[in-house]
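First the structure, in the form of structure tokens, and then the observations on it.
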Amino acid sequence: MSVSVEAKLKADILAAIGKTQNEDMKTVLLLTFGVLEVVISRLDAMAADEKGLREAVLNGHAENHDRDHTWIGEQIKYKDLASEEHRWVRGKIAAEKEAEKEAKLDKREARNTAIRQLVTIAMSAAAGAAGVLWMMK
């Protein structure tokens, strides 16, 4: 608790004690003041003992907590590296698929060319044979 808040609370309680005539209310305010003193002193003691505060807040898991922070930091670094690797792999896969498509097109083109040449040869042979037969007649 900050000093100004603590001082204001104490001053407000003491002012209320001074203003009231009711003894029961004074007793309640004095008890409240005493509880406030105890709570503030315990908070100050906890704040002064950082290691004890860590243990209390982390419920005995301080070592795991620190280890987990380290692991998370490594995962964040790895995530960036993995993103670059994934981008490269996706590019490589796309390039391989494109190369396969081009190879299939090249094979198809070669097959079509061979078929055209065979048809041309067959047509030329048929025309030549027809010409020979026509001449023999």
Once Lys and Arg are counted +1 and Asp and Glu -1 for all other residues with Cβ under 15 Å from that of L58, the total becomes -3
Could you give the alpha-carbon Rg of the chain over 2.2 N^0.38 Å, rounded to two decimals?
3.24
Taking only Cα atoms and a 10 Å spring cutoff, compute GNM fluctuations for the chain and point out the largest among A99, A48, A126.
A126
Using the crude model of +1 on Lys and Arg Cβ and -1 on Asp and Glu Cβ, and no other charge, please compute the dipole size for segment 62-137 relative to its Cα centre, in debye to 20.
1000
Excluding residues on the same chain fewer than 8 positions from K107, give the aspartates and glutamates whose Cα lies under 19 Å from its Cα.
E96, E98
Using a basic spin-label model with each label point 7 Å from the Cα along Cα→Cβ, how many nm lie between K19 and I40?
1.9
Sequence neighbours fewer than 8 away in the same chain don't count; with that in mind, list the lysines whose C-alpha is under 27 Å from K19.
K8, K10
³J(HN,Hα) across segment 103-117 via Karplus (A = 6.51, B = -1.76, C = 1.60, θ = phi - 60°), whole Hz, x for Gly/Pro?
5, 5, 5, 5, 5, 5, 5, 5, 4, 4, 5, 4, 5, 4, 5
Extension gain, L105 back to A47 (0.36 nm per residue minus Cα-Cα distance, nm):
13.4 nm
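Every number in this text was worked out from the coordinates using simple rules, so none of it is lab data. The structure presented is a predicted model; accordingly, all values stated were derived computationally and were not measured. Glycine gets a Cβ as well: all are built from the backbone with ideal geometry, and neighbour counts include every protein chain shown.
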